[in-house]
Amino acid sequence: MSIIFPLAVRPVTVKGRNMLEQLIENVHLITLDPEREGAYGVLENAWVSLHEGKIHSLGQSQAPEAEVTVDGQGQFISPGLVDCHNHLIWGGNRAEEFEWRLQGRSYQEIAQAGGGIASTVKATREASDEVLYQAAAERLQALLEEGVTTVEVKSGYGLSLEHELRVLRIAKQLAKVFPVHISTTLLAAHALPPEFNGESDAYIDLVCQEIIPAAAREGLADCVDVFCEGVGFSPEQCRRVFESAQAHSLPVKGHVEQLSDLGGAKLVAEFNGWSVDHIEYLQAEDVPHLTSSGTVAVLLPGAFYSLKETQMPPIQALREAAVPMAVATDLNPGTSPLASLRLAMNQACVLFGLTPEESLRGVSQYAAQALGLGEQKGILREGFDADLVMWNISHPSELSYGFNLVKPSAILRNGVWV
Ligand SMILES: [Zn+2]
């Protein structure tokens, strides 16, 4: 078999057929497996064997023989990183709005003045498929170079049947070309399109009766998302969207409690949603709802930072209730122009007080759970996808410490070196 190895990692032996495909030995495994004790679930001086795109086995002694054996040279291996909240595909940019915000205008004021999401909707509708694809590909490449192997991609800047589906199809095309798993999310209930000005219920009718059924029929969406907010949609409207999603067997999630407390998290929990995202204004007394529904709390420090938000998400209450906390980029042109999950990891520590271990679990174990992939990705365990990242570091905390100091020395996706 021919594999191109990065300079630092070369096979030491190549044996015959009829055995495991690959063995990587002389590594420290950051398993993050909750069934392993100790910080980060680390297995020191270990090996991991891969077969047919999966982790076949891992351990510290008696490594099996494999067709190809790789000497990891004492480096660390983590699960491939997962960005579980990402608006990757959009047209135009919002640099002008950035200037307005620096002059002191609020997100709500800019939205009411026709800026914000509405300006990106216009630019996205006007852009060709090729222009949208190319711009998204460059953002995606930046994430992949950091060790990201799974990315969520939301629609939400099309806001019509035609353009919402178009964006999801572009997401599917990216997944065919790049070495990444893409989880697609229909976010038609992101903002009110201009042609429905003053008629938000009529737009929700379109979302429920046409856009969700069409996305489900074409298999374009893995999940349905909403923006439950004063500048988005009311809890009653979001409930209708969730009922439609449920009728089409699609799971749900929500942008909730970002700018105010409308009870969106409770609503997502009622529908056993995958995640509640942002949640700066979530009240501590509402946190137990998330425990009973198994919903992940997705923290988005990039938006918190960009909006100079001061209201902190209820981190301690989430910890005490053992709600899994994920961390994501929220990559978008307005409030989180941040194509770096590693920066979000650092921000989650600095701005929200997460430990480096919580931050790393937030972009792997819990981020995978937030995409319904918790039984396949996000930890190193037998039978899980062989999405691995090799790091030349001396401790896992280096992945959250600093920014851009450490890059992957090798990345495998489904057992293939990329
Ligand atoms: Zn978002």
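What Kirkwood Rh does the range 263-311 have if only Cα atoms enter the pairwise 1/r average? Answer in Å.
Working: mean 1/r = 0.0895 Å⁻¹.
That comes to 11.2 Å for the range 263-311.
Length available on full extension from Val350 to Ser61: 0.36 nm per residue minus the Cα-Cα distance, which gives 100.2 nm. Summing charges over neighbours of Arg217, with a neighbour being any other residue whose Cβ is under 14 Å away from its Cβ, gives -2 when K and R count +1 and D and E count -1. Legend: residue pairs Lys308/Lys407; Lys172/Lys407; Lys122/Lys407, Cα-Cα distance threshold 31 Å; pairs beyond threshold, Lys122/Lys407.
For the chain, the C-alpha radius of gyration sits at 0.98 times the compact-globule guess of 2.2 N^0.38 Å, with N the residue count. For the pair Glu37 and Ser106, label points projected 7 Å from Cα toward Cβ lie 5.1 nm apart.
Taking H as built 1.01 Å from N, whose amide H comes closer than 5 Å to the amide H of Lys54, not counting residues under 5 places away? Counting only residues 5 or more places away or on other chains, the set is Ala386.
Extending 7 Å from Cα along the Cβ direction at Ser394 and again at Ser200 yields two label points whose distance is 5.4 nm.
Spread over its residues, the convex hull of the C-alpha atoms of the range 177-309 is 135 Å³ per residue. By definition, a body whose alpha carbon gyration tensor gives a ≥ b ≥ c is oblate when a/c is 1.5 or more and a/b is not larger than b/c, and the range 73-221 fits this oblate description.
Looking at the square roots a ≥ b ≥ c of the eigenvalues of the Cα gyration tensor of the range 345-397, which shape do they give, rounded for a/c under 1.5, prolate if a/b is larger than b/c, or oblate? Provide the component values of the computation, followed by the final result.
Working: a/c = 3.03, a/b = 1.38, b/c = 2.19.
It comes out oblate by the Cα gyration axes.
State whether the range 283-418 is rounded, prolate or oblate according to the following rule on the C-alpha gyration tensor (a ≥ b ≥ c being the square roots of its eigenvalues): a/c under 1.5 gives rounded; otherwise a/b larger than b/c gives prolate, and the remaining case gives oblate. It is oblate, given that a/c is not under 1.5 and a/b is not larger than b/c.
If you plug the beta carbon distance of Gln209 and Phe403 into 1/(1 + (r/R0)^6) with R0 = 60 Å, you get a FRET efficiency near 0.85. Taking 0.36 nm per residue of sequence separation and removing the Cα-Cα distance, the Gln246/Gln134 pair yields an extension gain of 37.0 nm.
Look at the alpha carbon pairs under 8 Å that are at least 6 residues apart: their mean separation over the length of the chain gives a relative contact order of 19 percent. One decimal place: the segment Ala321-Glu145 gains 59.9 nm when fully extended, by the rule 0.36 nm per residue minus the C-alpha distance. Using Cβ point charges alone (K and R +1, D and E -1), the dipole size of the chain about the Cα centre works out to roughly 780 debye.
No value in this document is a laboratory result; all are computed from the given coordinates. Given the structure is predicted, the values throughout are model-derived calculations rather than measurements. Using ideal geometry, Cβ is built from the backbone for each residue, glycine included, and neighbour counts are taken over all protein chains shown.
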